[in-house]
Amino acid sequence: MQPFEISDQMIPDISFALDVTENYVYVAAENTGLHIYENPAAVTAIDAQGVPKAYPVEFALSQNSPNPFNPQTSIRLFIPEAARLALEIYNIPGQKIRTLENRFLPAGRYGYQWDGTDDDGSTIGSGVYFCNPEAGEFSQVKKLVLTK
């Protein structure tokens, strides 16, 4: 897990509690309530008002949810620096089925929905597909299972 820092601009009158587990970061701030982050690498700082700042410290692709899915699934990415992101879905033979994103993005957390259709909007059949984001030097693959 990557360390994160408490802002030295912290207002002394604001109290907060912080708990980090293997899969979650919990931040309870007196003035902003409870914030829960699934990926501990997503929280990198707490600002002067006690609000967690969620800037990823490394590239990461979360497993889609739900998986298997029907009719759609969510895909989440963490991008720690500005980069051109190409997020594509492929079938088992390696043919590109769908492009979900292909543009320059600033650092941040991004979420995408895939509805089991190809680039033409046609519904594709049940099967195993692969999500492959590429941004700068980063490339990772996750298996997606579409059931009908």
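Bear in mind that the values in this text are calculations on the coordinates, not laboratory data. What you see is a predicted model; the values in this text were computed from it and never measured. Cβ coordinates were reconstructed from backbone atoms using ideal geometry, including for glycine residues, and neighbour counts include every protein chain displayed.
Please compute the Kirkwood hydrodynamic radius of the range 60-146 from all pairs of different C-alpha atoms, in Å with one decimal.
It works out to 13.0 Å.
Starting from the 7 Å offset along Cα-to-Cβ, what nm value, one decimal, do you get for the label separation of GLU134 and ASP115?
2.7 nm
Within 10 Å of each residue's Cβ, count the other Cβ atoms and sort PHE130, PHE138 from fewest upward.
The order, fewest Cβ neighbours first, is PHE130, PHE138.
For ALA107, list long-range residues whose amide hydrogen, built 1.01 Å from N in the peptide plane, is under 5 Å from its own amide hydrogen.
Amide H neighbours of ALA107: ALA82.
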